[in-house]
Amino acid sequence: MTPADDATAPAPEASFDPASATIVVVTFNRTHLLTRLLESVERMNPAPGHLVVIDNASTDDTTAVVESFRDRLPTELVYRRLETNTGGSGGFSEGMRVAYELGSQWMWLMDDDVEVVSDGLARMGRWAPRFKSIQGRRYDYDGSEFYWQYRIAEAMGIPIPFAPAGFDDSGFKPMNSGCFEGMFIHRDVVAQIGLPDPRFFIYWDDQVYGWLASRRTPSVIVNEFVLRRTREIKQWDMGIRHMNASSDAYRYYIMRNRAFIQKYYRSVGVYRALPFTAGTALTFVKELIRLVVVERKLRGTSHLFRGLRDGRKISRDASWKPMPPLEQSQPVV
């Protein structure tokens with residue numbers, strides 16, 4: 001029995017129709033992982049109305065693998081292969097655009113390195129009558145409970161590492177962040193905040209998107225295990241929390257994209273220079289610790305500095321605008 005089985009959750013209600021949901025998957029050159037995800041979708045009960053797979057210009061056999069599942073899946077498969085690699089940010093932006101245009105009421109986002117628990121959609125659907133921005137829980141690669149930092153210190157623009165991991169009898173906790181590995185979001189929210197911003201390429205994009213959603217509607221993480229990670233990542237075990245290994249590309253975008261967070265903060269009038277600068281400094285220090293403790297090396301700091309440099313250019317861009325809403329509508333509740 002998982003902790004989710006003990007949660008006090010709302011009873012299933014007819015107002016959630018599994019066919020109204022679309023799973024959006026972004027993949028790039030990882031068919032060994034994508035295959036496991038598609039096999040898990042094959043076993044889903046209930047199944048969503050659509051599965052949208054966005055291929056970020058893979059150069060392996062991704063197209064053939066996806067097509068081999070077309071007649072096996074209990075849902076309608078929509079496959080889009082992009083001409084260039086747009087990163088996770090661009091992939092999810094395109095995937096949500098497709099799902100929105102399909103008329104999906106709910107969009108369930110995930111990377112290709114997870115698999116879906118067979119009744120995962122039913123577990124998420126239990127909460128759909130109450131909330132419109134929902135995050136489920138994940139099992140880590142080794143079967144342990146994966147901890148995700150579901151709250152950010154808004155003024156600093158960084159995750160709160162000591163946000164409580166436990167749940168009370170309500171079975172949910174308020175969040176003001178987001179993660180594209182499991183985000184379950186209603187089209188009404190997407191209509192108001194627009195699509196994910198592809199300019200991030202990778203990193204901070206889902207945090208900002210979840211934060212924008214939380215400004216429109218109560219957002220929650222629920223005590224429902226619905227995904228399993230299928231890729232082992234080198235990490236530093238700190239008990240409940242882990243610090244994963246990274247890459248030079250991630251190091252660059254972690255720092256560069258602070259400028260995009262700053263831009264979004266300015267656009268809604270919450271930017272405060274001093275605490276935000278402190279958040280940037282703490283992010284830099286965290287990445288140094290990741291290099292030394294997790295990856296056990298010193299090379300890579302140049303990418304952090306390069307990201308800061310390019311972020312300053314973005315900060316000075318007077319023509320920058322946030323992603324536009326898809327529809328002008330009444331506030332989501």
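The values are calculated or read from the model by the stated rules, or taken from the named source; none is laboratory data. Since the structure is predicted, the reported quantities are computational estimates derived from the model, not experimental observations. Note: ideal-geometry Cβ built from the backbone for every residue, glycine included; neighbour counts use all protein chains shown.
Checked against the criterion of being at pLDDT 95 or above, outside the structural domain of Asp140 (by TED's automatic domain parsing) and surrounded by fewer than 16 Cβ atoms within 10 Å (Cβ to Cβ), the candidates Lys321, Lys297, Lys286 yield just one match: Lys321.
Within the stretch 223-232, the presence of a residue that is surrounded by 21 or more Cβ atoms within 10 Å (Cβ to Cβ), among the hydroxyl-bearing types (Ser, Thr, Tyr) and not in a strand (DSSP E or B) is excluded. Among residues of the stretch 152-181 that are at pLDDT 95 or above, those with a beta-carbon under 6 Å from a residue that is among the hydrophobic types (A, V, I, L, M, F, W, C) and in a loop (DSSP other than H, G, I, E, B) at least six positions away or on a different chain give the pairs Ala153/Ile160; Gly171/Ala7; Gly171/Ala9; Cys179/Trp148. Which residues, counting only those in the stretch 156-186, are under 28 Å from Asp17 (Cβ atoms) and under 16 Å from the mean Cα position of the chain (by Cα)? Across the stretch 156-186, the qualifying residues are Met175, Ser177, Gly178, Cys179, Phe180, Glu181, Gly182, Met183, Phe184, Ile185, His186. Every listed requirement among (1) within 21 Å of Tyr147 (Cα to Cα); (2) in a loop (DSSP other than H, G, I, E, B); (3) modelled with pLDDT of 95 or more is met by Pro196 save one, (1).
Is it fair to say Leu121 is assigned to a strand (DSSP E or B) and under 16 Å from Gly182 (Cα atoms)? The answer is no for Leu121. Residue pairs whose Cβ atoms lie under 7 Å apart, sitting 6 or more positions apart in sequence or on different chains, and linking a residue in the stretch 85-110 that is touching a residue at least 12 places away in the same chain (Cβ under 8 Å) to a partner that is of a type in the set (Lys, Arg) and assigned to a strand (DSSP E or B), are Glu94/Arg80; Val98/Arg80.
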